[in-house]
Amino acid sequence: MTMKTILFSFSLIIALAQYSCNSASTGKSGQEGQATVNTSLKTDEFEKKLLATEGGQLIDVRTPEEFAVNHLANATNMDFNGDDFAEKIKTLDRNKPVFVYCLSGGRSSSAASQLAEAGFKEVYNMAGGMLNWQSEGKAVVTGEAPQKTSGMTAADFSKLTSSKEYVLVDFNATWCGPCKAIAPMLESFASKRKDKLLLAKIDVDMNSELAQAKGINSIPYLELYKNGKLVWKRVGSLDEETLLRETGL
């Protein structure tokens, strides 16, 4: 190999590396090669951006049952976990901004990524979802379905958390993957300490008023009560070792 060939090859490698870096700096690209906006916004920012955007497409990615109870005004329901989600998003305009939300932000975050990968140019996810939206007192549209019962009252909850020396409260939802993942561990943990510990599972969908009153905007969410007094709380997944270390049980 001549010196001229070596120099040419080295220059080509540098040029390709620079191109790769420049391409990466523009963010994820859509199917037409244009930069795609895929970002999460706090509820106030999400609301302002939606109102200021002409032709914005608002998508509720919860289940039809959740949507039927309540939803944001002018939202269209496309169940992210439904078999037809990929087909339904094809009915949207890829060149117009899409706004997505769910109950707590998990499903909508995944949906936003799928939309960006499908070539949508602007995708906005509402961080904290409907839990945050409602905890801030923002308006929702009541659906045609019969309203779910408000669930457990504050008095009921107080009675529950005082029913044993220790009460571990697991706030969850049927659609929540991380909630399902830690459920067996929580049950095993409680079973080993059943003489002094009660595990109470509370579905935030079925107990929306309690969840709103407690300001719960992300699940799984755990609380530990000792003789009726809150002594520990945690948002998110964890393993048994961490639970033991943090609670001291």
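One table, with the values for the structure above:
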item: Inter-probe distance in nm under a simple model that places probes 7 Å from Cα toward Cβ, at Lys48 and Thr242; result: 3.3
item: Alpha-carbon Rg with Dmax, taken over the stretch 28-142, Å; result: 13.1, 40
item: Net charge of Cβ neighbours under 11 Å - reference Leu197; Lys, Arg +1; Asp, Glu -1; result: +4
item: Partner aspartates and glutamates for Lys229 [C-alpha distance under 16 Å; skip if fewer than 8 residues away on the same chain]; result: Asp156, Glu165, Asp170
item: Two-site label geometry, Glu136 and Val235: point separation in nm, points 7 Å out along Cα→Cβ; result: 1.3
item: In nm, spacing of pseudo-spin labels at Ala118 and Lys88 (7 Å Cα→C-beta vector); result: 1.0
item: Quarter of Cα convex hull surface for the stretch 189-244, i.e. mean projection, nm²; result: 4.4
item: Hydrodynamic radius of the stretch 91-249 per Kirkwood, over alpha carbon pairs, in Å; result: 17.4
item: DSSP bridge orientation in the stretch 95-227 - percent antiparallel, rounded to nearest 5; result: 40
item: Number of Lys pairs (Cα under 15 Å; 8 or more positions apart or on different chains) in the stretch 28-142; result: 6
item: Nonlocal amide H pairs with Trp232, under 5 Å, H built at 1.01 Å; result: Leu224
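Quick note: the coordinates plus some simple rules give every number you see, no bench work behind them. All values derive from a computational prediction rather than experimental measurement. Glycine gets a Cβ as well: all are built from the backbone with ideal geometry, and neighbour counts include every protein chain shown.
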